[in-house]
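To keep things clear, I will list the structure first and then write my remarks on it.
The values are calculated or read from the model by the stated rules, or taken from the named source; none is laboratory data. Model, not experiment: these values are computed from the prediction. Note: ideal-geometry Cβ built from the backbone for every residue, glycine included; neighbour counts use all protein chains shown.
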Amino acid sequence: MRFPGRLVLLGHPVSHSLSPRMQNAALDSAGIALRYEALDVEPRLFDQTIERLRAENAAGNVTVPHKERMRVACDSLTPLAEHVGAVNTFFVDDEGRLVGDNTDVGGFAAAVTSTLGSAPVDCTVGVLGAGGAAAAVLAAVESWPGVVAHVYNRTPERASILCERFRSVARAVDDIGAIGGAQLVVNATSVGLHDEAMPIDLALLSPGSAVVDLVYRPGETAWVRAARSRGHRASDGLTMLVEQGALAFERWFGVPADRRAMWEAVRTV
Ligand code: ATR
């Protein structure tokens, strides 16, 4: 790939994002003289922005609402991004082609390993949600030996369609209570992002199960705080945010990302 001429986060809005603080800490630590900028791109300006970024050899990340359009705008996708059906990271390769990648899968897997102390084996993961984030969760589940997923979604048809794509490991369930038997429960919905709402009643969860929330909020999400107070191992989306960012940094620059510096930059916000 080409050394990035520019590093950006594409979204709308993006001003609330922690990624610039986190990536700039990693850039400083590696002594790379680039800044990571949050670029607020109005949907009507998306195509022309992509053309400019391609010409600038830009690399970066994509967030709401541009993930789907970015997947289509890329000249090629890595096999993982193709499989997940979602792009969160991009760069320009040696031939000048815009390549879409996905580091959410690796970010999620690292968050789970850090929550449990090791990668899961021979167990059931309960997944709440059926969008791009849930697809990344199921791709990670595929990589763990003997691990299967039960997927519950508010709109059941979306869960069925998603599970069909990951049919070797995933099964859609119609009753949220069926998630309660899982050893690991993951919130891949946006519930709890803006308020104290909980994606699943904690009373339904098995004792000893762990919870991972892909949502993060200052002071952690209400679900994670409540789960921990009931004795569950629990972590919110900040761990995944740092890991997906570190993996993206390593794709762009080919050098290790300073995860400690990245974590310090976001933990204190
Ligand atoms: P992402 O790419 O981040 O996964 P998405 O594709 O918009 O985003 O998916 C959001 C997920 O959160 C969906 O599973 C959505 O459920 P629906 O498919 O029924 O829309 C889920 N979600 C969002 N708000 C929710 C709510 N209030 N209650 C339950 N699920 C919710």
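Details
- Meets criteria (closer than 29 Å to Gly5 by Cα, within 16 Å of the ligand (Cβ to nearest atom) and among the aromatic types (Phe, Trp, Tyr)) for Phe108: yes
- Meets criteria (under 20 Å from the mean Cα position of the chain (by Cα) and near the ligand (Cβ under 9 Å from one of its atoms)) for Leu193: yes
- Residues (within 16 Å of the ligand (Cβ to nearest atom), at pLDDT 95 or above, in contact with an Asp or Glu (Cβ under 9 Å, 6 or more places away or on another chain) and over 19 Å from Ala136 (Cα atoms)) located in segment 196-228: Thr221, Ala222, Trp223
- Single residue of Val211, Val215 found to be outside any helix (DSSP H, G or I), closer than 19 Å to Asn61 by Cβ and in contact with a strand residue (DSSP E or B) (Cβ under 7 Å, 6 or more places away or on another chain): Val215
- Scanning segment 121-136 for residues that are touching a residue at least 60 places away in the same chain (Cβ under 8 Å) and under 18 Å from the mean Cα position of the chain (by Cα) returns Val125, Gly126, Val127, Leu128, Gly129, Gly132, Ala133.
- Residue in segment 117-136 that is nearest to Leu205 (Cα to Cα), counting only those that are part of a helix (DSSP H, G or I) and among the aliphatic types (A, V, I, L, M): Ala134
- Boolean, Gly254 is assigned by TED's automatic domain parsing to the domain that holds Ala133, of a type outside the set (Val, Ile, Thr), free of Cβ contacts under 8 Å to residues at least 24 places away in the same chain and on the phi > 0 side of the Ramachandran plot: no
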